[in-house]
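To start, the structure itself, in structure tokens.
The values are calculated or read from the model by the stated rules, or taken from the named source; none is laboratory data. Just so we're clear, the structure is a prediction, and the values are computed from it rather than from any experiment. For neighbour counting, all protein chains shown are included, and Cβ atoms are generated from backbone atoms with ideal geometry for every residue, glycine included. SASA here: full protein model, heavy atoms, side chains in, ligands and nucleic acids out. Shrake-Rupley method; radii C 1.70, N 1.55, O 1.52, S 1.80 Å.
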Amino acid sequence: MPPTAPPVGLVLLLILGAAEGNLSRDVSQPTTSDETVVAGGTVVLKCQVEDPDDSSLQWSNPAQQTLYFGEKRALRDNRIQLERSTPNELTISISDVVLSDEGEYTCSIFTMPVRTAKALVTVLGIPQKPQIFGHEQPIDEEKIARLTCRSSGSKPAAQLRWKKGNKELKAEGTEVVEDSNGKTFTVSSRVEFRVTKEDNDAEVTCTVDHESLQNSERSTTQKLQVHYKPTAKIEPHPQYPREGEKLQLQCDGQGNPVPQEFLWEKEGSDAPLQLSSDSILIFPFLNKSDSGTYICTATSSMGSVIAKYNLDVSDLSQLPTPHVHSTPAPPPGPSQPISHASMATASSSTPAPIQDASPVPSTSSTYHAVIGGVVAVIVFLLLSLLIVLGHYLIRHKGVCIRHGETTTARPQQNPPEVVMCTYLTHEAKGSDDAPDADTAIINAEGGQAGGDDKKEYFI
């Protein structure tokens with residue numbers, strides 16, 4: 001279907017209404033706009049008129065004091081300056097705005113009748129840097145921390161928010177109080193949370209949010225001080241003590257506050273070894289009688305903690321290497337021996353893990369043992385070989401005969417003289433009962449005719 005044309009009567013009514021609006025609009029009426037400015041800033045007030053009707057524009061402050069009449073200054077205030085003056089416009093500026101500058105400013109044109117326009121100037125009060133209260137004294141662990149953040153001078157009232165580290169904290173309540181000037185406000189916010197030892201030195205931040213800050217932050221950060229029970233461990237210097245050396249046992253106490261009193265005892269001994277603020281126990285010259293379990297009790301205002309170290313004095317020839325591990329274990333009793341050399345920390349009421357720091361033989365000691373064994377085997381083999389060789393030489397000697405004379409000797413090296421040497425083995429008859437080799441050879445030659453097959457002749 002083709003579109004239906006609007007009724008002619010409706011069109012006439014619209015035309016007549018527009019014409020009546022144009023006729024009713026006052027072209028001599030000045031126009032202005034409301035402005036918002038931050039305290040200390042500059043505000044610009046502009047007044048315009050379409051038909052001035054040969055009249056001048058004028059600006060007046062909330063107290064109805066004339067500021068400018070046309071281009072002429074009427075009030076001696078150097079903060080107020082003329083920006084533009086024409087028959088159709090009068091623009092002025094006010095610098096270093098203060099809270100008392102807030103209010104309605106009037107632009108007037110003196111026609112018949114006088115026409116005016118209002119401009120509302122709103123001055124924003126900048127909140128002061130917030131302050132945090134309640135952190136002045138240390139807080140014991142597991143107690144409730146109660147902090148208050150306060151900021152004054154905001155207009156309108158500012159918003160406060162909390163953070164602990166990177167975590168947002170929910171405020172328990174907010175209070176807004178009007179300042180004595182009747183224009184600005186003081187805002188207070190409270191927060192509560194339970195603290196632990198991990199909260200020691202944690203940063204708590206209070207931040208002010210306000211439109212006058214123009215996307216910038218104004219905040220305050222404070223560090224918490226949390227008191228917690230101490231911990232302790234014993235560190236030997238040197239780490240692996242040996243007989244004859246100097247040893248220092250240092251009781252390393254940690255906590256807030258730091259332990260200031262250290263009691264040294266030896267397990268099984270009635271009298272304490274040392275009680276002072278010095279955490280070091282010194283052994284000028286170690287001997288094996290110093291071996292045993294040593295106990296350090298570190299004490300602060302938050303309580304006491306016990307650390308144990310099992311000292312096993314080693315010989316100078318031992319070369320230990322580190323071997324450290326920790327296993328949870330209850331405190332040692334009469335029927336439960338402590339490991340070879342251990343360190344432990346525990347509170348006075350609960351058991352704590354015992355750390356084993358005993359020295360064990362190194363791989364270099366193992367290598368020395370292997371090398372020693374190899375050398376011993378080689379020496380044993382050499383001695384055995386010498387014994388066998390000596391026995392062989394004793395049982396097998398040469399006999400040389402010259403002109404009916406018998407001597408036990410090696411063949412002569414002089415070539416002119418010929419010597420006959422006879423060599424008889426042990427198997428020669430008569431040798432078993434002979435006291436020595438020479439007698440055995442003589443007996444074998446004289447009494448055994450069949451012994452010729454056992455002779456060997458050397459020239």
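See the values below:
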| item | result |
| --- | --- |
| Sites GLN29 and ILE144 - FRET efficiency at Förster radius 51 Å, r taken between beta-carbons, to 0.05 | 0.20 |
| Cα centroid separation, the stretch 249-271 to the stretch 80-143 (Å) | 66 |
| Distance between modelled label sites at GLN81 and SER180, nm, 7 Å Cα→Cβ extension | 3.5 |
| Amide H within-cut-off set for ARG218, under 5 Å, with H built and near neighbours excluded | VAL208 |
| Spherically averaged projected area of the stretch 60-102 from its Cα convex hull (nm²) | 3.1 |
| Accessible surface ranking that places the most exposed of ASP179, ASP26 first, with a 1.4 angstrom probe | ASP26, ASP179 |
| Probe 1.4 Å, all protein chains present, accessible-area order of HIS237, HIS391, largest first | HIS391, HIS237 |
| Solvent-accessible ranking of HIS227, HIS368, largest area first, probe 1.4 Å | HIS368, HIS227 |
| In Å², nearest 10: area of ASP101 left accessible to a 1.4 Å probe | 20 |
| Residues of the stretch 218-261 with amide N under 14 Å of the 7 Å Cα→Cβ point at HIS368 | 242-243 |
| Subset of LYS72/LYS183; LYS163/LYS183; LYS46/LYS118; LYS197/LYS308 violating a 21 Å alpha-carbon distance limit | LYS72/LYS183; LYS163/LYS183; LYS197/LYS308 |
| Hull-based mean projected area of the stretch 138-268, where the convex hull spans the alpha carbons, in square nanometres | 13.2 |
| The stretch 144-197, relative contact order in percent, only Cα pairs under 8 angstrom and at least six apart counted | 49 |
| Solvent-accessible area of SER269 with every protein chain in place, 1.4 Å probe, in Å² to the nearest 10 | 60 |
| Over the stretch 110-238, relative contact order from alpha-carbon pairs under 8 Å, at least 6 apart, % | 29 |
| Reciprocal of mean inverse Cα separation for the stretch 31-179 (Kirkwood radius, Å) | 18.7 |
| Long pairs among LYS246/LYS288; LYS246/LYS266; LYS129/LYS167; LYS164/LYS233; LYS170/LYS223, criterion Cα-Cα beyond 23 Å | LYS164/LYS233 |
| For HIS227, distant residues with modelled amide H under 5 Å away | ILE139, ASP140, GLU141 |
| Probe 1.4 Å - accessible area at ASP312, Å² to nearest ten | 50 |
| Approximate spin-label separation ILE394-SER289, in nm, with each point projected 7 Å along Cα-to-Cβ | 5.3 |
